[in-house]
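Bear in mind that the values in this text are calculations on the coordinates, not laboratory data. Note that the coordinates shown come from a computational prediction; the quantities given were computed from them, not determined experimentally. Every residue, glycine as well, gets a Cβ built from its backbone with ideal geometry; the counts of neighbours run over all protein chains shown.
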Amino acid sequence: MSRCRWNLLPPPPDNYLNGVSGFPRLITQLFYHRGIAGPAEIEAFITADKRLSGDPFLLPDIGPAIARIYRALLSGEGIAVYGDFDVDGITGTGLLVQGLSALGGKVTPYIPHRLTEGYGLKTTALENLQQQGISLVVTVDCGITAVAEVKRARRKRLDIIITDHHTVPEAMPPAVAVVNPRRNDSRYPFPELAGVGVALKLLQALFQSVGQPQTLDGLADLVALGTVADMVPLVGENRYLVKRGLEQLNTAPRLGVREIAARTGLVAGHLDTDSICWILAPRLNAAGRLAHAMSSYRLLLTDSPPEAQELAQWLEERNAERQNLTSTFSHKAREQIVSQGITPLLVVTEAECPAGIAGLVASRLVEEFYRPAIVIKTGEVLSSGSCRSIPEFNIIAALNQCRELFSQFGGHAQAAGFSLPTRNVPRLRQTLLQLASTQLDGLDLRPCIDIDSEVRLSDFRGDIFRTIQQLAPFGQGNPAPTFVSHGIEVVDRRTMGGNSEHLRLKLRQDGVIWDGVGFGLGSTLTATSSPIDIVYNLELDRWNGRESLRLNILDFQ
């Protein structure tokens, strides 16, 4: 029995195969499964150039936003950039601060403290900024639900421009401008931008208006970091933005990135989306999870080597602390779930769980049990929750049905957060469990792996891996190609890692032997007796200066 449901995607029809020439059949299948219609689209997909970039002036409210910022620049007003405390918000804040400063703006960055202030626009913070001489606040990756806060700011003659990419509520804040590609009235062709992507489009419109469109080239790395870290689909314009940003990260990385790489073994010139997901983003996020995200902001913007070294080392220590706390509270959460019984939606209440760790713990529960999971940090009066979900259950839609219980909530279909009076927690649990029980009833609650093609190990000859890499960068919406091979002989098997948590295999078919590694599959060692069927990606393993191809085993039976 496999851990996952295997979904072998259908082969392309003959007319598709006949219309696409010059590529091996296997590669043509990959194009077809990614919704690429024909030769012209294939060329644009592989090139991933500026043709994928949308016109920023098609965004809603972009005109009023640019006019208000331009007036602030001309009159020397104090401008604050108010960002979120995750990597998307941090990079977007850095992007706007650098861009507006390049135009002579008097710009102050502001990122709220996750533990003492919480997510989103806060009236106290806005009032403090106004007392410092700020008359215009531009948000990044937040603000779309801050109706009451923006109303209060208007009464105090503090202007707010919202730039956000989260789900748009029925009532939008009465801001000077609300720039969000997800608005129903948006004419922008690509609604999947990350928060930093929306911030970039705002700057592009502003710089085009003042006749300096080329000045933004040095900010592409920030866009790539935030876009990949926020797990938005890497298709369309995001593909172009991330590709450009990776080029900058590999050819001219900023000082802070170089310092993180020096401590983590990242290979210069070989940074990819996995490098961001597994190495850079967790460290940049660690500051906001356990202390203040401004430390990560300073690391990304500093040009002082001593400061970069100090901040990178501090982040490395915070990341280790984050890992330990996640492990500790994940164990506690699992015990609570098992003692309560496995239900269609998992709810954990834990007074001691740090707010910055709750989402990670929820993610661990989703990975193990494949159920939507909510971890609530309970307080005497107020509580806060982090939600992670599965494709079969839209968590933000479910929260919207409980909106009267919350002080604040927001997010996406797969990840969301909220705050609420503690007295409402039991009712919230009951309502969400009823919704999940109805929607998930009768479903096979195992993760699904979409498989691009059934192949034999001997099919991976010549330059096939290099050709596959033309589809990179990989990520959400454009996953690394996945294959299945049947009847594989296990030549050797062993565990690896400090706690024997990973699996290392030598596999043979048709006289061809491949190395394989199954991350997190160490506990399945005894089940790997020949023959086995495997689902996997191809990956390049770099170790001690050597490069070799291996199979990244996702599942087997």
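Over segment 1-139, what is the mean sequence separation of C-alpha contacts under 8 Å (at least six apart), divided by residue count, expressed as relative contact order in percent? Spell out each step's value before the answer.
Values: 115 pairs, mean separation 28.9, N = 139.
Dividing the mean separation by the residue count of segment 1-139 yields 21 percent.
Just need the relative contact order of segment 491-557 here, percent rounded to a whole number, with Cα pairs under 8 Å and 6+ apart.
27 percent.
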Largest-first semi-axes in Å of the equivalent ellipsoid built from the Cα gyration tensor of segment 215-350 are 32, 20, 12
Segment 210-250: Kirkwood hydrodynamic radius (Cα pairs, Å) comes out at 10.5
The alpha-carbon pair-distance distribution computed for segment 94-201, with 5 angstrom bins and whole-percent values, is 2, 12, 22, 24, 21, 13, 5, 1
Rounded to a whole number, the Stokes-Einstein D of segment 126-169 in µm²/s (Kirkwood radius over Cα pairs; 20 °C; 1.002 mPa s) is 198
Segment 56-252: spread of alpha-carbon positions along the three principal axes, whole Å, largest first, is 45, 34, 34
Working note, segment 330-452: Cα radius of gyration (Å, one decimal) and Dmax (Å, whole number) are 13.6, 51
For segment 348-438 the GluC sites (Glu not before Pro) that pass both the DSSP coil test and the at-most-14 other-Cβ-within-10 Å test are 352, 380
Under Stokes-Einstein, segment 287-395 at 20 °C and 1.002 mPa s, with its Kirkwood radius over C-alpha pairs, diffuses with a coefficient in µm²/s of 141
Output for segment 227-278: trypsin sites (Lys or Arg not before Pro) sitting in coil per DSSP, at most 12 other Cβ within 10 Å, listed by number, reads none
Excluding near-sequence neighbours (fewer than 8 apart on one chain), the chain holds lysine pairs with C-alpha atoms under 27 Å apart numbering 13
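Can you compute the FRET efficiency between residue 15 and residue 170 using 1/(1 + (r/R0)^6), with r the Cβ-Cβ distance and R0 = 51 Å? Round to the nearest 0.05. Intermediate results must be reported in sequence, preceding the final value.
Values: r = 44 Å, r/R0 = 0.87.
It comes out at approximately 0.70.
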Simple spin-label estimate for residue 128/residue 262, 7 Å along Cα→Cβ, in nm, reads 3.3
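State the extension gain, in nm to one decimal, for the chain segment bounded by residue 307 and residue 2, taking 0.36 nm per residue of separation less the distance between their alpha-carbons. Provide the component values of the computation, followed by the final result.
Numbers: separation 305, 0.36 × 305 = 109.80 nm, distance 4.88 nm.
In short, 104.9 nm is gained.
Can you show me the helix-derived [θ] at 222 nm for the chain, built from DSSP H runs with n ≥ 4 at -39,500 (n - 2.57) apiece and divided by the number of residues, rounded to the nearest 500. Don't skip to the answer; put the middle values down first.
On the way: 18 runs with 219 residues, N = 557.
Helices in the chain give a 222 nm mean residue ellipticity of -12000 deg cm²/dmol.
Between residue 70 and residue 397, what's the calculated FRET efficiency when r is the beta-carbon distance and R0 is 45 Å? Round to 0.05. Working shown, then result.
Values: r = 38 Å, r/R0 = 0.85.
The pair residue 70/residue 397 has a calculated efficiency of 0.70.
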The simple spin-label model distance between residue 156 and residue 508, using points 7 Å out along Cα→Cβ, in nm, is 7.4
Simple spin-label estimate for residue 250/residue 429, 7 Å along Cα→Cβ, in nm, reads 4.9
Note on the chain, DSSP bridge orientation, antiparallel percent to nearest 5 equals 60
On each of the three principal axes the extent of the alpha-carbon atoms of segment 1-151, given in whole Å and largest first, is 67, 45, 24
Any trypsin sites (Lys or Arg not before Pro) in segment 442-486 that lie in a DSSP loop and have at most 13 other Cβ atoms within 10 Å would be 461
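Counting residues in segment 40-114 as N, plug N into 2.2 N^0.38 Å and put the Cα Rg over that result.
Values: Rg = 16.2 Å, N = 75, 2.2 N^0.38 = 11.3 Å.
Ratio of Rg to 2.2 N^0.38 Å for segment 40-114: 1.42.
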In Å, the C-alpha Rg and Dmax of segment 432-489 are 17.6, 54
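Convex hull over the alpha-carbon atoms of the chain: what's its volume per residue in Å³? Walk me through the numbers before you get to the answer.
Values: hull volume 91.6 nm³, N = 557.
With only Cα atoms used, the chain gives 164 Å³ per residue.
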